[in-house]
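Written out below as structure tokens is the structure these notes cover.
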Amino acid sequence: MFKVSRLCIPVGGECNFHCRYCFRDQNHPEIPSDMTDVMKEYLQQVSPSWCRAVVLSGGEPLLHWDTVQKIRELVNPSVNVCILSNGSLLTRDKVDYINSHYMEFYLSHDGARTKELRGVDVLEDPEVLECVKRVRLLTIAPVITNKNPDVMEVYRYIAQKLRRDNFYYLHGTVMDNGHCQDLITGFDYDVYARSYREFVRRYYKTTNTRFLISNKRGHCSFEVNLHGIVTNKITGQRYGTVLDSYADCERVMRRLCRNSYCSDTKCPLQGACSYYEEYANEHNCRCSMIRSGYL
């Protein structure tokens, strides 16, 4: 059986936003929104002994709210369930359900440049803003690009909007996968590194340790769709099913991976970096080394 410490599940591929850096829009992988019996049985076997968190993404998972609820009902209550969402479809009823089931809500928001990058800033909608404020376990998940390289500026903008600082903050950087070079060219790595170090110094102890778990068993680019197929979350490349072991899926991934960047460079993260391994290049690896403290 496929066992990972952080299980990522896309709940359908549809989204009501078209973010400029979204790899779903760029690669158009086919992501099912109906759940098979095999997947239902698998979710019932997910155990807190090996899985710490189930992360529901999309597309936009709130477009399939019934499926989100079904997954929460199937998964062991001791396993944390997170929703990664753009927040536009959040309502008071959904917030009540999320809070009463101790679920975490990850709002993808990029600070003051959000409207430029996503087309809309949901925190400018009073109803959505009030809903976000009511979420108990709230994480803000921005994507850092050349438009918003200062991690602290993004954090402060959101804290001011929400008028609260009791939220978690988990950023990522725009991935260089050949489709969004306009958001990478001119990326200020010095500003990113300085502001990230400042954030770690000021706020690291208040970040969400329930999600920032070591993914010791689980390649970070693996995800499992609702048909129980283990795929690459960016390309949709199939590696196996939930009936296969993690080791079997990893062997398929290694065989299919043709990127020689890691073997051709002396990277201190070799053997430890998994998320970008299939997309190793100068930008992705430099951002990884900054987050790992090597730069």
From the phi angles alone, apply the Karplus equation (6.51, -1.76, 1.60; θ = phi - 60°) to segment 40-46 and give each ³J(HN,Hα) in whole Hz, x where the residue is Gly or Pro.
4, 5, 4, 4, 5, 9, 4
With unit charges on the beta carbons (Lys and Arg positive, Asp and Glu negative) and the dipole taken about the Cα centre of the chain, which residue among G236, M289, Y246 sits farthest to the positive side?
M289
Under a 1.4 angstrom probe, counting protein chains only, how are L295, L74, L7 ranked by accessible area, largest first?
L295, L74, L7
Solvent exposure ordering (accessible area, 1.4 Å, most first) of T235, T241
T235, T241
Count of Lys pairs (Cα-Cα under 16 Å; at least 8 positions apart or interchain) in the chain:
8
In Å², and per residue, what accessible area does the chain have when probed at 1.4 Å with the other protein chains present?
47
Got a number for carbon plus sulfur as a percent of the chain's accessible area, 1.4 Å probe?
47
Which sequence of M1, M289, M39 reflects their accessible areas, 1.4 Å probe, from the largest down?
M1, M289, M39
Using only the Cα atoms of the chain, what do you get for the radius of gyration and for Dmax, in Å?
18.4, 52
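The values are calculated or read from the model by the stated rules, or taken from the named source; none is laboratory data. Fair warning: this is a prediction, and the values are worked out from it, not measured in the lab. When we count neighbours, we look across all protein chains shown, and the Cβ atoms used for this are built from the backbone with ideal geometry, even at glycine. Quick note on the areas: whole protein, heavy atoms, side chains included, nothing else; ligands and nucleic acids left out. Shrake-Rupley method; radii C 1.70, N 1.55, O 1.52, S 1.80 Å.
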